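The values are calculated or read from the model by the stated rules, or taken from the named source; none is laboratory data. Fair warning: this is a prediction, and the values are worked out from it, not measured in the lab. Reconstructed Cβ throughout: ideal geometry from the backbone, glycine too, with neighbour counts over all protein chains shown. Note: areas computed on protein heavy atoms with side chains; ligands, DNA, RNA excluded. Shrake-Rupley method; radii C 1.70, N 1.55, O 1.52, S 1.80 Å.
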Amino acid sequence: MGANSSSISELSSNDLLKKLAGKELLSENDPFWNQLLSFSFCPPQTSSDNRLLVEQTSPICKVFAENNLKTGNFCSLVEVFLMRASEMKTSTQCENHVFTWQTHNALFIIRCLISYFIENMSEGGVLREFAVKDIKQGKQTGEPLLEKFIDALVRLLIEIPVVNFTYVIHLEAINTLLTLLSVQLFVPRIAHRSIFFQYLMQGKCSKDACPLVKTLLDHIIKHEPCPPEVYQGSGSGSMLYGFGAAVASGLWTMMTLGYGKGSSAEADDKALLANQSLLLTLVLANHYTHEKGMHNPYRLALCTFGNLQDAAASSPTSPVPVFRMNLSGLYETFCKHMKDDQMTLLLYLLLHRNTNIRAYILSRTNIELLVVPILKILYDAQERNSHHIYMALIILLIMSEDDEFNKSVHELVVKNITWYTERSITEITLGGLIVLVVIRTIQYNMTRMRDKYLHTNCLAALANMSSQFHSLHPYVTQRIVSLFELLSKKHGKILEHLRNSPKAEHRSLNDERSEAPPAPDYATDLAVLEEVIRMVLEIINSCLTNTLHRNPNLIYTLLYKKELFVPFRTHPTFQDIIQNIDTVLNYFTSKLEYQQHGNLSVHEVLDIINQAILQWPRDRLKKFPELKFKYVEEDQPEEFFIPYVWSLVYHSSNLYWNADKIELFTLNT
């Protein structure tokens, strides 16, 4: 390395790296460090470059790890970084770009070495690399070097302002924390006893949990792209650093992790600091959520912060937020960037756990700006992973627990939903659009995923909303009844299979002898399907019971398809609820027959329905319990969320890990 640019292919023969990895002891005051850290190196920009980097540096890293147990040079490098990190605040105020550049380079090398250690050693082996000097000096007390290092990274993030020339050192600090915590990737169980997590959760830096979470959220909200100089090529190098355009340009390419070749049009999509901050927030918040004796201060901070504008109006009976920030900026960020898994997951966590955030979001008069992107995630289900669909759906379910939300979505009109292609809709209520997309998700699940849990959550959200349905679009009511029609046809087919198939015990014996795939379990399928049909009927009944007078289009559609309900009149599972629907159908049928003179147009039928609604005796229907469903998280949420979060880090952090060594999840799950 040194002052000249180096390519990946030259790394294995680089003299300075060989000296670093060698057997010579290098103290933290050795002039060698200034020479080593004055490099301008363009790190990998693609996955193939990343693999090449690992292949080229692994032999050096292996030698380094072996020799470090005698030399302690890794400890010296970390101490060099710690000394520089302690002076970063002053150097930033003085705009000392070269100092920042070299400090960043030190951290970059440390991260590359840590990445090798974690992939190729046990956690104990990694700790030994950090503790060589303490072991040699016989230190039994004092703050371990690893804890000092982690604390320095946290303090750098919360104390150093983000300006053009410090952007990348913030990025590198977050990447290094993610790399340290990636020890989780290489064990199949949840890392409750990892020393890296314990230092963060219980060590010196844990007292800074609130300012760190606030800093990370600030990065997410600001969503700043890499500084504009990154996209201007080598000609702007001298403007950046005032020395040698070529060197400065190569330096800046290195400092932005290889994103300097993007066009200015791509700059808006390169909010790297926001993305890495979001991933680190999720990693920190989802560990130690239910482990006895463990405390997660980052999760506590994330789940209890409040709105800056509410500071003067705090209730003496409610808990004081651990910190406050401008929630309007956070809300706007969610509205703009909901397409990514990680943003959806953060919204889920805040809605589910932070009562301040939930109250703020549900009180927005422009809630459609958030809900429509969530609906688009569900609409594009075939392009999403199942976890992302679940998170979007559960967000809707949590929102639907609020009566004011259910009321307001039917008063908000959205226009020109161009991504909804089943039918051209120029305008529709937000509530109607929710119903359309959720029903479509149910139908998609029936043909593709066949997941009972997803069915249940879809129907629970509709059930919560059903008592507030009003002004439903004709197409929406058609889709509701069409869903029932689809389910009833499926019900008939399963009954036919059960009548015609041989006895279950004979079938299973034959299957066992022939080693054929197990035959469909029609009895179980029927039980599940009847639960779904029952819920759909309850949703229709809830609407008729509570808001019949506001939904003439639903009455029209039910009358048009009234023969669908006949087979279920005597079925013990549905009989009670069908009686209510029949009561409504009989009442409006009689009104139509009384006034019918020849064939009636659609408008004439609707006019008669609207007149008849005015005379409808509301006490005629049997009362059923109010439909209310509440989302409850699983007993062991870490078993779902930790592999999910780390799969997001693996796929979207621009960092590299050897997939063959990952044990926490497989790439096809």
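For Ala106, are the conditions met, namely being among the aliphatic types (A, V, I, L, M), within 18 Å of Gln198 (Cα to Cα), in a helix (DSSP H, G or I) and at pLDDT below 95?
Here the answer is no, as Ala106 does not meet what is asked.
Going by what's in this entry, would Val168 be described as within 25 Å of the chain's Cα centre (by Cα), at pLDDT below 95 and aliphatic (A, V, I, L, M)? For Val168, the condition - within 25 Å of the chain's Cα centre (by Cα), at pLDDT below 95 and aliphatic (A, V, I, L, M) - is met. Need the failing condition index for Leu185 against (1) open to solvent by 10 Å² or more (accessible area, probe 1.4 Å); (2) assigned to a helix (DSSP H, G or I), just the number. Going through the list (1) open to solvent by 10 Å² or more (accessible area, probe 1.4 Å); (2) assigned to a helix (DSSP H, G or I), Leu185 breaks only (1).
Which one of these does Phe99 not meet: (1) touching a residue at least 60 places away in the same chain (Cβ under 8 Å); (2) assigned to a helix (DSSP H, G or I); (3) open to solvent by 30 Å² or more (accessible area, probe 1.4 Å); (4) not basic (Lys, Arg)? Condition (1) is where Phe99 drops out. Among the conditions (1) crowded, with 18+ Cβ neighbours inside 10 Å; (2) touching a residue at least 40 places away in the same chain (Cβ under 8 Å), the only one that Phe588 does not satisfy is (2). Among what's in the stretch 433-469 and is among the charged types (D, E, K, R) and part of a helix (DSSP H, G or I), pick the residue that is most open to solvent (accessible area, probe 1.4 Å). Per the criteria, the residue is Arg448. Scanning the stretch 398-422 for residues that are open to solvent by less than 70 Å² (accessible area, probe 1.4 Å) and either more than 18 Å from Ala460 (Cβ to Cβ) or in a loop (DSSP other than H, G, I, E, B) (or both) returns Glu401, Asp402, Ser408, Val409, His410, Leu412, Val414, Ile417, Trp419, Tyr420. A search for C-beta distances below 9 Å between a residue of the stretch 628-647 that is on the phi > 0 side of the Ramachandran plot and any residue that is modelled with pLDDT of 95 or more, counting only pairs 6+ apart in sequence or on different chains, returns nothing. Is there a residue being closer than 20 Å to Asn286 by Cα, more than 12 Å from the chain's Cα centre (by Cα) and open to solvent by less than 10 Å² (accessible area, probe 1.4 Å) anywhere in the stretch 352-360? Taking every residue of the stretch 352-360 in turn, at least one turns out to be closer than 20 Å to Asn286 by Cα, more than 12 Å from the chain's Cα centre (by Cα) and open to solvent by less than 10 Å² (accessible area, probe 1.4 Å). Is there a residue being at pLDDT 90 or above, surrounded by 16 or more Cβ atoms within 10 Å (Cβ to Cβ), among the charged types (D, E, K, R) and under 20 Å from Leu37 (Cα atoms) anywhere in the stretch 114-122? No, the stretch 114-122 contains no residue that is at pLDDT 90 or above, surrounded by 16 or more Cβ atoms within 10 Å (Cβ to Cβ), among the charged types (D, E, K, R) and under 20 Å from Leu37 (Cα atoms).
Is it the case that some residue within the stretch 438-447 is more than 29 Å from Ile357 (Cα to Cα), in contact with a strand residue (DSSP E or B) (Cβ under 6 Å, 6 or more places away or on another chain) and touching a residue at least 12 places away in the same chain (Cβ under 8 Å)? The answer is no, given that none of the residues of the stretch 438-447 is more than 29 Å from Ile357 (Cα to Cα), in contact with a strand residue (DSSP E or B) (Cβ under 6 Å, 6 or more places away or on another chain) and touching a residue at least 12 places away in the same chain (Cβ under 8 Å). Looking at Val584, is it modelled with pLDDT of 95 or more and either part of a helix (DSSP H, G or I) or among the aromatic types (Phe, Trp, Tyr) (or both)? Here the answer is yes, as Val584 does meet what is asked.
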